[in-house]
Structure formats: C-alpha cells, structure tokens
Amino acid sequence: MKIPYYPGCTLNTVAKGFDVSARESARALGFEMEELGQWNCCGASFPLSPDNLMGLTAPAKVLASAARMGDAVTTLCSVCYNVLKRTNKALRDDGEKRSVVTGFIEEEYDGSTEVIHFLEVLRDRVGFDRVRESVKRPLGGIRAAAYYGCMLLRPAGEVGIDRHEGPTIMEDLLSVLGCEPVDFPNKIECCGAHLAMTRTDVVERLSGNVLESAVDRGAEVVVTSCPLCQYNLEKSQAKVAERRAGYRHVPVVYFTQLLGIALGQSDEMAGLAENRWDVRPLLEEKGV
Amino acid sequence: MKIKLFKQEIEGSSIRQIERSSGEVLKNCYQCGNCSGGCPVSYEMDLPPSQAIRFLQLGKVEEVKKANSMWLCVGCQQCFSRCPKSVSAANLFEALRQMSLRQGKDHKEIRDLPVSFLEKAPQQAIVCGFRKLVS
C-alpha cells in the first residue's frame, strides 16, 4: 500500500524526528508514505472568514498536488491536517469558491481527494491489530498521556479523528504498543498555539496546565501529534517546576517516536536526541 | 451601568460586515456562557466570548474592537464545540481581526519579535502567528 504524504514545513526541519520515525514505522508495517512531488506550506491557519479566499490558495495547491498522486493524502502535523481537511470541505461545498481558488492557483482540483491523519491510517487502513503484531519492543507499561490539543478534534463534524470530548484513538494506539495510557482532563485543551509569538505568559499557563494535569495523574511521558504543542509544552515545563514543588519533568514526544521504538527503530531513527527532555532514560528504566 | 442602544448600531453596516465576514448569526446566541467557560484564554480577556457577543448583539462594536479578546483568541474552537447553537466565537473574533488587519494595522510588528523565537520556534508558529496578527 502506498499513500501520498504531505510533511509540511515544520516536519522537514525542526520536527524531523516526527517525519523520519513515521516513515520508518510505515515501512515496518508494510506500507509506504510517498512524499508529494511538489508541495508548499499549508498556511498553518485555516482562514476562519468565509470570504478569505486568499488563505485557501496555499492548502488548495497542496491538495491539487496530492490529487495528481492518488485519491488520499496523509499528514502528521495536527495543524496541517486541520487546514487541509477544512480547505477540502470548503472547496467541495462551494463550486464557485473552488472555481475561483483553483483558477487563481492555476491548478485542477475537483475536491475528490481524502485527507486522513496518520493516526486514522493506522486505525482504519492498517488496523491496530496489525500494529500490535508488529511490535518488537513492547514499551514496558510506560504511563503515557495522549495529548490531543485542538486541531485534531475541532470543529468535530469537519475534522474530528475521534469524539471531540473524550477521544481515545491515541490511547488505543499507545495500548497496543505496550504503554499504559493515562487519561487526564486537559487532554483536549489548547496549548496556547501561536500566542508563543506574543504572549508567552499565556502559553506557559495553558501548556503548564496540560503538563500539570497529566503528571498529576501519573504520566511519565506526554505524547503529541503537533510540533507547536511539542514546542509549547517543552518550553513551559520549566515554569511549572518553578511554581509546583515536587513537580517531575516529563519528556514530550511525538506518537510516531514511541511507535517507531516499539517497532524496533534505533534511537537515532526515532529522532530521540532532538527532544529537550530525553525519553531514553525512561525507556531504559522500563526495560524497553 | 447605563448603556444606550441605537437601532442604527444594532443593524448597522459594521454588524452586517461582522456577520458576513464570520459566517455567524449573532441572534443565535442566547448567552448561556458555555463558550466563556470552555475558552482557554477567557481568564485573560477584557471581554470573554459570551460577553463580546452580547456587546455585538447590542451594536457596541467599538468596545469589542478595543478589547484584547480578539487578539488572544487562539482559534481552538472550544467555544463552537460547547455552544448549543453552534455559534463560533472564534469565527467572530477572526472577522474582527480581519477588519483591523485589512486596514493594514499590524497587531505585532515583525521587528519586535525576539530572535530566539524566530530561530527556535516551529515554522508553523511563525506562519500562523503572522496570519492572525500581521497584516
């Protein structure tokens, strides 16, 4: 099985570990992620104003590129997923909008490509049972908190990869890898997103709440699917430790990094050295 | 607190522009407050989402434009998710941001961004931030 793959700008650089661990995991599971022949940044923000057609041009170009390769495109970054999926719907629902946007970018696109997140590929096209069978290094019962954030889930009808209140798709994956999933109240709360640019105090509070909430319930690692969440959480952890006596720092990793390790990838392949808080001591401690 | 209401403000072009640019219908909101309860940044907003919507329903656009709310909204759509009438305060705040940005008023000057942020932050943060805060 081959599936067209859109990495997005951040996975090509700052979050390379996310990209490599995913591709290698796909290989281990018997399918290939075929990078789009030509792609550009998705714009990182779905234009919330229906009259903002300019904001649709970048993701529309990505969709047009994907359509040339197949009938579906997958991505890893939560934000790319949200932008592409919402753009797809906007173009599908409104023929005139589609006509104007595709005319502007001088591409053909009829809205027939499906946008699916990598977690959905694992659940629906590969199957978690097959993932379980392919596990070579079970993750020793590591207590892993699956942090969804906002972009994978909302607006629910348009993008939700699972229930928008109480999703379990990431926990289900972590279970088959041998982790013990930890549920926590802030798992669907926003990390602060682009306010990292203007209000680091707000990010520290929002991301801090996520971390505290997870660690209070016994999490030993926080798992995410978004480079911005990963950055905000890592950046805010020091502040949490300042205000909470006895707070224990936890690594913040991408779900494909844990998937990769479980499937037998080397630490280097999984990009473990990139993370600010190293997850390797935890893996060693649990005998992985 | 005394507040004067004007028909021209309530039904005026600013309100019509906000509704058109956001795709939202202000009358749908019946002020249950779910949005403000779910909004992660409402604690820091001058006017939390439901209150901002109330001001808009009463035609008081300038008060909402002056508030920090629209610049704090992260677009997480928790408001929309929790709203019993499927109103998106996030979409309304985006319309208000657009009204300001389309006049060429930057909320954040690029030259004021710290170098360490530009070097270390994931590109998506910079792109997204520019989309929402820079004209």
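The values are calculated or read from the model by the stated rules, or taken from the named source; none is laboratory data. In this text the structure is predicted, and so the values were computed from the model without any measurement. Positions of Cβ are generated from backbone atoms using ideal geometry, with glycine treated the same way; all protein chains shown enter the neighbour counts.
Could you give me the residue pairs with C-beta distances under 6 Å whose first residue belongs to the stretch A:5-32 and is more than 24 Å from residue A:61 (Cα to Cα), whose second residue is assigned to a loop (DSSP other than H, G, I, E, B) and modelled with pLDDT of 95 or more wherever it lies, and which are 6+ apart or on separate chains?
These pairs meet every condition: A:25/A:263; A:28/A:263.
Looking at (1) surrounded by fewer than 20 Cβ atoms within 10 Å (Cβ to Cβ); (2) of a type outside the set (Val, Ile, Thr); (3) closer than 28 Å to residue A:225 by Cβ; (4) facing chain A (nearest Cβ under 10 Å), find the lone condition where residue B:72 falls short.
Every condition holds for residue B:72 apart from (1).
Scan the stretch A:43-51 and tell me whether some residue there is at pLDDT below 95 and not in a loop (DSSP other than H, G, I, E, B).
Within the stretch A:43-51, none of the residues are at pLDDT below 95 and not in a loop (DSSP other than H, G, I, E, B).
Hey, among B:128, B:79, which residue is crowded, with 19+ Cβ neighbours inside 10 Å and more than 8 Å from chain A (Cβ to nearest Cβ)?
Selected residue: B:79, the only one of B:128, B:79 that is crowded, with 19+ Cβ neighbours inside 10 Å and more than 8 Å from chain A (Cβ to nearest Cβ).
State yes or no: is residue B:50 in contact with a Ser or Thr (Cβ under 9 Å, 6 or more places away or on another chain) and closer than 26 Å to residue A:228 by Cβ?
For residue B:50, the condition - in contact with a Ser or Thr (Cβ under 9 Å, 6 or more places away or on another chain) and closer than 26 Å to residue A:228 by Cβ - is not met.
Assuming residue B:117 fulfils every condition listed in (1) surrounded by fewer than 21 Cβ atoms within 10 Å (Cβ to Cβ); (2) among the aromatic types (Phe, Trp, Tyr); (3) at pLDDT 95 or above apart from one, which condition is it?
Among (1) surrounded by fewer than 21 Cβ atoms within 10 Å (Cβ to Cβ); (2) among the aromatic types (Phe, Trp, Tyr); (3) at pLDDT 95 or above, the lone unmet condition for residue B:117 is (3).
Going by the conditions given, is residue B:99 touching a helix residue (DSSP H, G or I) at 6+ places or on another chain (Cβ under 9 Å) and buried (at least 20 other Cβ atoms within 10 Å of the Cβ)?
In short, no.
Condition first: on the phi < 0 side of the Ramachandran plot, among the small types (Gly, Ala, Ser) and in a loop (DSSP other than H, G, I, E, B). Now tell me which residues in the stretch A:144-165 satisfy that. Show your work before the answer.
Initially, the stretch A:144-165 is screened for residues on the phi < 0 side of the Ramachandran plot, giving A:144-148, A:150-165.
Within this subset, residues satisfying the condition of being among the small types (Gly, Ala, Ser) are A:144-146, A:156-157, A:160.
Once the filter is applied, which keeps residues that are on the phi < 0 side of the Ramachandran plot, among the small types (Gly, Ala, Ser) and in a loop (DSSP other than H, G, I, E, B), the stretch A:144-165 yields only A:160.
Filtering the stretch A:126-178 down to residues that are of a type in the set (Val, Ile, Thr) and either over 27 Å from residue A:86 (Cβ atoms) or in contact with a Lys or Arg (Cβ under 9 Å, 6 or more places away or on another chain) (or both), which residue is surrounded by the fewest Cβ atoms within 10 Å (Cβ to Cβ)?
Residue satisfying both the conditions and the ranking: A:135.
When you look at residue A:57, is it within 14 Å of chain B (Cβ to nearest Cβ) and either more than 28 Å from residue B:133 (Cα to Cα) or in a helix (DSSP H, G or I) (or both), yes or no?
The answer is yes for residue A:57.
For the stretch A:157-211: of the residues being away from chain B (no Cβ under 14 Å) and among the charged types (D, E, K, R), which is farthest from the chain's Cα centre (by Cα)?
If we take residues in the stretch A:157-211 being away from chain B (no Cβ under 14 Å) and among the charged types (D, E, K, R), then A:180 is farthest from the chain's Cα centre (by Cα).
From the list A:250, A:279, A:222, A:240, pick out the single residue that is in contact (Cβ under 8 Å) with a residue 12 or more places away in the chain, farther than 30 Å from residue A:130 by Cα, surrounded by 20 or more Cβ atoms within 10 Å (Cβ to Cβ) and among the β-branched types (Val, Ile, Thr). Steps first, answer last, please.
Details: A:250 fails: farther than 30 Å from residue A:130 by Cα; A:279 fails: farther than 30 Å from residue A:130 by Cα; A:222 fails: farther than 30 Å from residue A:130 by Cα.
So the residue among A:250, A:279, A:222, A:240 that is in contact (Cβ under 8 Å) with a residue 12 or more places away in the chain, farther than 30 Å from residue A:130 by Cα, surrounded by 20 or more Cβ atoms within 10 Å (Cβ to Cβ) and among the β-branched types (Val, Ile, Thr) is A:240.
For the stretch A:20-57, which positions are among the acidic types (Asp, Glu) and either more than 23 Å from residue A:258 (Cα to Cα) or crowded, with 24+ Cβ neighbours inside 10 Å (or both)?
Correct list: A:51 only.
Here's the yes/no breakdown for (1) surrounded by fewer than 22 Cβ atoms within 10 Å (Cβ to Cβ); (2) within 10 Å of another protein chain (Cβ to nearest Cβ); (3) of a type in the set (A, V, I, L, M, F, W, C):
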{"site": "B:1", "(1), (2), (3)": "yes, no, yes"}
{"site": "B:20", "(1), (2), (3)": "yes, yes, no"}
{"site": "B:55", "(1), (2), (3)": "yes, no, yes"}
{"site": "B:87", "(1), (2), (3)": "no, no, yes"}
